[in-house]
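S.K.: Have a look at this one before I ask anything.
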There are 2 protein chains.
Amino acid sequence: MSRESELIVATGSAKRPSLKDVAARAGVSRASASRVLGGYGYSSQEIVDRVTAAVRELGYEPDRVARSMRSGKSDVIGFVCADISDAFFSSAMRGICDVALREGSQVIAMNTDDRLAQEQDATRMLLSRKVDGLVITPVSVRDHAHIDAVTGAGVPVVSLDRQLSGIDSVVADNEAATEAAIRHLIGQGHERIAFLGSVQREEPPALRIGKVRASVAGPSRPSLDRVRGYLRALSAAGLPVDRRLIAFVPQDEPEHRLDAVAAMLAVEEPPSALFTADSYMTRSAFSFLSERDIPIPGQVSLLGFDDLEWTTLVRPRISVVVQSAYDMGRAAADRLFAQIGGSGAAQGRRTVVPTRFLERESVAAVRR
Amino acid sequence: MSRESELIVATGSAKRPSLKDVAARAGVSRASASRVLGGYGYSSQEIVDRVTAAVRELGYEPDRVARSMRSGKSDVIGFVCADISDAFFSSAMRGICDVALREGSQVIAMNTDDRLAQEQDATRMLLSRKVDGLVITPVSVRDHAHIDAVTGAGVPVVSLDRQLSGIDSVVADNEAATEAAIRHLIGQGHERIAFLGSVQREEPPALRIGKVRASVAGPSRPSLDRVRGYLRALSAAGLPVDRRLIAFVPQDEPEHRLDAVAAMLAVEEPPSALFTADSYMTRSAFSFLSERDIPIPGQVSLLGFDDLEWTTLVRPRISVVVQSAYDMGRAAADRLFAQIGGSGAAQGRRTVVPTRFLERESVAAVRR
DNA sequence: CCCCATTCTGAGATCGATCTCACATTGGAG
DNA sequence: CTCCAATGTGAGATCGATCTCAGAATGGGG
C-alpha cells in the first residue's frame, strides 16, 4: 500500500476517477451511475448501493469542468474591479464570495486598474470562461459596449458602486448621505464648506474643472452623486456655491491631492470645513492638516466619506459617513444570483445600500 | 440587421459561435479551422484567409471550458486564504493576479476563516474544478492531508506565509527580521522587551501558555519564527527571558488583545518596549496606549511587524518591520507557475522574501 | 393467458476544441 | 512515366457528465 502510494506520488498523476470508473467498479452503465448520483429516473436499491459503495471506495468527485461543458453553467461568477487590494473592493469581494459560497459558486477576480482596455479584456476573458454572471465596477459609465456584449450573451451583470443604464446596480445612497452630512456641517454654523473628490482617468475633462452641473443627468458615479448632495444641501440652506471650493483630483495623481487641499485653504475666504468625498481624499486631507499642525477641528473641521481602520486611531478621531463595502458586495451578489435564477428579468433595478453617519471628533461648531 | 440584433437581445441568448460555426461559414472542416487557429499542421493560404475572415465576422472566441475539458488544464489557479478582505491577503491576491494575468490564467479566491473544515472544502472544490495549481495559506501546519491530496493529484501547491514539509513555500524572513528588530531595541538600551503575538484557533494549546520552545522544530508559522528571532536576540545579548513578557492571543478574540497589553504593563518590572508581532497586535497596542495617554515612546517604545496605512498617520509614527504581501503573492505565483511549467519538480523549496526595517518615531533610547 | 403500465437499464448522443489518422493532392526526382 | 515525399484536408475519436430514448423485465388487471 505504501509502495503503491509512493509510486503514485512519484508519477504525480493519480488520475481522478471518472464516472466511468465508478460505473465499471459498480458493474453498471454510466447512465445508471449518473442516475444514482443525479437522483433522477429509476434505480433499484441494488444499483444505488453498488454505486454508492463504488463512489466511496474510489473517492469519486464529479468533474465540474465536464459538468459545465454539458450544462453550459459553470458555477463561477466574475468580479471585475479596479484593484482587489483596495480595501473597498476586497471587502466587497468577501461579500460576493460569501453569497457565492451559499449558492455553490466560486468567484474569479480581475483587476482593471481603472483602464478601459483591461476591463474589456477581463469581460471577454470571463465570457469565454462561461461565467454564470458578473459583478463589475465599471471604469466608465459611457463606454459600456463590452458590458452590453455580456448581457447580450445572456450573462447577467450587476454594477457595483456605479450606475449603468439598463443594468442592475448596487450603490450607496451617496447623494442623500452627503446631503445629510453637509446639512450637519451647516447646522454647526459652517458656511464655507469645501468639497474634495477624486475623478478617474477616463472621466470627461468637463468634470475636472468643476462644471458639475453639466453631467447631472444620465448614469451615475459616486463622486457625482456626492457632489450633487453637497449642492443640494447648500442650496437648501440658501448658501452660495463657490466654484473654488469644489475640487476633483485625478485618482492616479496622489500628490495632486495635497496640492488641492493646499489650494483650498489658500482661497481668500478659506473654508471652515472640509468634506472629503472618498477615503483617498480623507487620508490626504488629514495628512496635510496634521503635517502642518493645522488644528482639527479648531481651525478646520473634517468630515469624510467612507470609514477606514485608522479613523479611530488618529486624534481627533474622524467623523465619517460609512458605507459597508461588504454589504454592497453581498447585495450585488444577491441581485446577480436572483438574475441567474431566472426570476430577475427586471433589468436596470437599483439597489441602495444604507450608509451611517458616525459622529466623532473632527467636526466642531464654528466660532463667531 | 438592426431588426435581427434587436431580436437577439430580446431573447437574451445570442449563442456564442463555436468553431463549428466558423468552419461552416468558411466552408471548411472543423479540423482545418482548428489548425488555422491553433497554428499547427498544414493550411493553405486560401483556407487561412477564409477562416480568419469567418472568425472576424462572427466574433468567434474559443470556449475555454471545452478547451480545458480536452486539455485537462484550466488556466485557473486557486488562492485559499483566511479572509480575502484582510489587507495582507488582498495584497497577496493582487500579486498573484498580476502574475496569473501574465501567464494567461485567472484566479479563484476562497476564504477559510481559519477553519480547517472550510479549507478542506475549498481544496476539494478547487480540485474538482481542475485548477492548474493552488496558492494556500494553510490553517494548520499539522493537518494537511487535504493538501497532500492536491499534490497527490498532480496539482502544484505553494504555501504562502506558512511552511509545510514537502511543499514549496514563500515566507518573509521572519526570524532574522525580528531578531534584527529586537537587537535594535536592545541597542537603544531596552532590556525589558515584551513580545505580543497572535495565535490561531487551531493552534496546540501548548503555545498559548507560552511554551514556545516546545515547538521550535518542524513546520513553521510566522508567529513562531518571530518569537524565535526574539529569543535569539535576547540570548545573543545575554538578556534573560521572562515568560510573563511573552504573550500569544487567540486571533478570534480581539478584546483579549487589549487585556494582554494591559497585563504586560502590569508586570512588576514592566517592559520599556513592546514588540508586536503582527498588525492586529500593533493596532491593539497602539490603541491601548493612546487611549490611556501612555506616552510613546516616552514611557513605552513600540515596534511592530507589518506596515499599515495608518502607521504614518498617527503620532508618533510607528516604526515597523515591513513585509510586502504583494511581493509575497507574486513570488508564490511565480513558484507555482514554475511548477506548472513542469520545471518545478523540486518540492519543498523555500523562498524567502526580504523585509525592511522602517525606523520612525515610536522607539526611543531608554533613560537611565 | 394476454396486454399494457410501471419499473428499470444501457447504448449512444451531446456540449466544443483538439488531435490523430487516413486519405487526397501536388511536385520533383529518377 | 513512376514513385515517393511533402503538403493539404476532413472524418472521427476524445475528454467526462448528463440526458434521451429504446427496449427489457416485471406485475397486475382483464
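S.K.: What residue, among those in region A:107-131 that are surrounded by fewer than 23 Cβ atoms within 10 Å (Cβ to Cβ) and of a type in the set (Gly, Ala, Ser), is farthest from the chain's Cα centre (by Cα)?
M.R.: A:Ser128
S.K.: Now for a separate question. Check B:Ala331, B:Ala325, B:Ala338 and return the single one that is over 29 Å from B:Val300 (Cβ atoms) and crowded, with 22+ Cβ neighbours inside 10 Å.
M.R.: B:Ala331
S.K.: How many of the residues making up region A:285-304 are of a type in the set (Val, Ile, Thr) and within 13 Å of chain B (Cβ to nearest Cβ)?
M.R.: Number satisfying all stated conditions: 1.
S.K.: Search region B:145-167 for residues being outside any helix (DSSP H, G or I) and within 14 Å of chain A (Cβ to nearest Cβ), and hand back the single one that is surrounded by the fewest Cβ atoms within 10 Å (Cβ to Cβ).
M.R.: The extreme case among them is B:Ser165.
S.K.: Here is a follow-up. Of all residues in region A:86-104 being not small (Gly, Ala, Ser) and not in a helix (DSSP H, G or I), which is farthest from the other protein chains (Cβ to nearest Cβ)?
M.R.: Across region A:86-104, the extreme among qualifying residues is A:Glu103.
S.K.: Considering each residue of region A:37-54, count those that are under 30 Å from B:Val150 (Cβ atoms) and near DNA strand D (Cβ under 10 Å from one of its atoms), and give that number.
M.R.: Summing the residues that are under 30 Å from B:Val150 (Cβ atoms) and near DNA strand D (Cβ under 10 Å from one of its atoms) in region A:37-54 gives 3.
S.K.: Keeping to region A:70-85, report how many residues are under 29 Å from A:Ser279 (Cβ atoms) and more than 7 Å from chain B (Cβ to nearest Cβ).
M.R.: Total satisfying the criteria: 6.
S.K.: Residues of region A:105-138 being more than 9 Å from chain B (Cβ to nearest Cβ) and either in a loop (DSSP other than H, G, I, E, B) or more than 20 Å from A:Ala149 (Cβ to Cβ) (or both), which ones?
M.R.: Passing the criteria: A:Ser105, A:Thr112, A:Asp113, A:Asp114, A:Arg115, A:Val131, A:Asp132, A:Thr137, A:Pro138.
S.K.: Among the residues of region A:345-367, which ones are basic (Lys, Arg) and touching a Gly at 6+ places or on another chain (Cβ under 9 Å)?
M.R.: A:Arg367 - this is the single residue of region A:345-367 that is basic (Lys, Arg) and touching a Gly at 6+ places or on another chain (Cβ under 9 Å).
S.K.: A:Arg50 is checked against (1) under 30 Å from B:Tyr326 (Cα atoms); (2) within 10 Å of DNA strand C (Cβ to nearest atom); (3) among the basic types (Lys, Arg) and fails just one. What number does that condition carry?
M.R.: Of (1) under 30 Å from B:Tyr326 (Cα atoms); (2) within 10 Å of DNA strand C (Cβ to nearest atom); (3) among the basic types (Lys, Arg), only one is false for A:Arg50: (1).
S.K.: Output the number of residues of region A:296-311 satisfying the condition of being outside any strand (DSSP E or B) and small (Gly, Ala, Ser).
M.R.: Adding up the residues that qualify gives 1.
S.K.: Working only within region B:305-326, note down all residues that are of a type in the set (D, E, K, R) and within 12 Å of chain A (Cβ to nearest Cβ).
M.R.: Result: B:Glu309, B:Arg315, B:Arg317.
S.K.: Kindly check whether there is at least one residue in region B:31-40 that is small (Gly, Ala, Ser), touching a residue at least 40 places away in the same chain (Cβ under 8 Å) and within 8 Å of DNA strand C (Cβ to nearest atom).
M.R.: no
S.K.: Quick check on A:Arg67: is it closer than 24 Å to B:Val131 by Cα, within 12 Å of chain B (Cβ to nearest Cβ), within 13 Å of DNA strand C (Cβ to nearest atom) and free of Cβ contacts under 8 Å to residues at least 40 places away in the same chain?
M.R.: yes
S.K.: How many of the residues in region A:33-52 are in contact with a Gly (Cβ under 8 Å, 6 or more places away or on another chain) and within 14 Å of chain B (Cβ to nearest Cβ)?
M.R.: Of the residues in that region, 0 qualify.
S.K.: Same structure again: Does A:Arg201 fit the bill of being surrounded by fewer than 20 Cβ atoms within 10 Å (Cβ to Cβ), of a type in the set (Lys, Arg) and modelled with pLDDT under 90?
M.R.: Yes; evaluated as a whole, the condition is true for this residue.
S.K.: Are any residues in region A:318-346 farther than 18 Å from A:Thr137 by Cβ and not in a helix (DSSP H, G or I), and if so, which ones?
M.R.: A:Ile318, A:Ser319, A:Val320, A:Val321, A:Val322, A:Gly341, A:Gly342, A:Ser343, A:Gly344, A:Ala345, A:Ala346
S.K.: Being surrounded by fewer than 21 Cβ atoms within 10 Å (Cβ to Cβ), within 20 Å of A:Leu126 (Cβ to Cβ), within 29 Å of the chain's Cα centre (by Cα) and away from DNA strand C (no atom under 16 Å from the Cβ) is true for just one of A:Gly95, A:Gly104. Which residue is that?
M.R.: After applying the criteria, what remains is A:Gly104.
S.K.: If B:Ala285 meets every condition in (1) under 30 Å from A:Pro295 (Cα atoms); (2) loosely packed, with under 14 Cβ neighbours inside 10 Å; (3) in contact with a strand residue (DSSP E or B) (Cβ under 6 Å, 6 or more places away or on another chain) apart from one, which number is that one?
M.R.: (2)
S.K.: Quick check: is even one residue across region B:132-139 within 30 Å of A:Lys15 (Cα to Cα), within 16 Å of DNA strand C (Cβ to nearest atom), buried (at least 21 other Cβ atoms within 10 Å of the Cβ) and modelled with pLDDT of 95 or more?
M.R.: Yes, region B:132-139 contains at least one residue that is within 30 Å of A:Lys15 (Cα to Cα), within 16 Å of DNA strand C (Cβ to nearest atom), buried (at least 21 other Cβ atoms within 10 Å of the Cβ) and modelled with pLDDT of 95 or more.
S.K.: Just to be sure, is B:Val55 within 14 Å of chain A (Cβ to nearest Cβ) and modelled with pLDDT of 95 or more?
M.R.: Spelling it out, B:Val55 is indeed within 14 Å of chain A (Cβ to nearest Cβ) and modelled with pLDDT of 95 or more.
S.K.: Counting only residues that are outside any helix (DSSP H, G or I) and in contact with an Asp or Glu (Cβ under 9 Å, 6 or more places away or on another chain), which one in region B:16-63 is surrounded by the fewest Cβ atoms within 10 Å (Cβ to Cβ)?
M.R.: Selected residue: B:Ser18.
S.K.: For region B:168-181, which residues satisfy the criterion of being under 15 Å from the mean Cα position of the chain (by Cα) and either among the acidic types (Asp, Glu) or part of a loop (DSSP other than H, G, I, E, B) (or both)?
M.R.: Within region B:168-181, B:Asp168, B:Asp173 qualify.
The values are calculated or read from the model by the stated rules, or taken from the named source; none is laboratory data. Note that the structure is predicted; figures quoted are calculated from it, not measured. Note that we place each Cβ from the backbone using ideal geometry, even for glycine, and neighbour counts take in every protein chain shown.
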